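J.: There's a structure below that I have some questions on.
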Amino acid sequence: MKIYHNPRCGKSRQTLALIEEAGIDPEVIEYLKTPPTAEELDAILKKLKMEPQELMRKGEAIYKELNLAERELSRDEAIAVMLEHPKLIERPIVVQGRKAVLGRPPENVKELL
């Protein structure tokens, strides 16, 4: 199990705690320090059954600065923007095999436990 984690985020910390309480020692990836590759993010999005724009944090300043709400981005362009600005990636994301969930709310992770 992997968790794409931001230790400064309460939801991310809560999700990690639920995983650890279940006796699982996940691979913790601090995605702001070590963003996924384009291929990894594309695979995660497919597991989440989401489009890149659905996984973007629309409240981030960079989202507004880049005027992303007004722009029509292709899937590859949206992924590239998210990798250039990893703060845009919603968190936490938990991946287990061929499944993934967004830990918002943290209880979503129970689907994978």
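The values are calculated or read from the model by the stated rules, or taken from the named source; none is laboratory data. For clarity, every value in this text was computed on a predicted model and none was experimentally measured. Reconstructed Cβ throughout: ideal geometry from the backbone, glycine too, with neighbour counts over all protein chains shown. These accessible areas exclude ligands, DNA and RNA; they are computed on the full protein's heavy atoms, side chains included. Shrake-Rupley method; radii C 1.70, N 1.55, O 1.52, S 1.80 Å.
J.: Between K33 and S74, what is the FRET efficiency for a Förster distance of 35 Å, r being their Cβ-Cβ separation, to the nearest 0.05?
T.: With a Förster radius of 35 Å, E is 0.80.
J.: I've got another one for you. Give me the aspartates and glutamates in straight-line cross-link reach of K11: C-alpha distance below 13 Å, same-chain residues under 8 apart excluded.
T.: E90, E107
J.: Measure nothing but the geometry: give the 0 to 90° angle between the long axis through the Cα atoms of 38-48 and the longest principal axis through the Cα atoms of the chain, rounded to 10°.
T.: With rounding to tens, the tilt is 60 degrees.
J.: For the chain, which whole-number percentage of the solvent-accessible area (1.4 Å probe, protein heavy atoms only) is attributable to carbon and sulfur atoms?
T.: Numbers: 3080 of 6560 Å².
Using a 1.4 Å probe with all protein chains present, the chain comes out at 47 percent carbon and sulfur.
J.: So, one more: Suppose each label sits 7 Å from its Cα in the direction of the beta carbon; what would the Q14-K64 distance come out to in nanometres?
T.: For Q14 paired with K64, the spin-label model returns 2.5 nm.
J.: Round to the nearest 10 and give me the degree value, 0 to 90, for the angle of helix 10-21's Cα axis relative to the longest principal axis of the chain.
T.: 30 degrees
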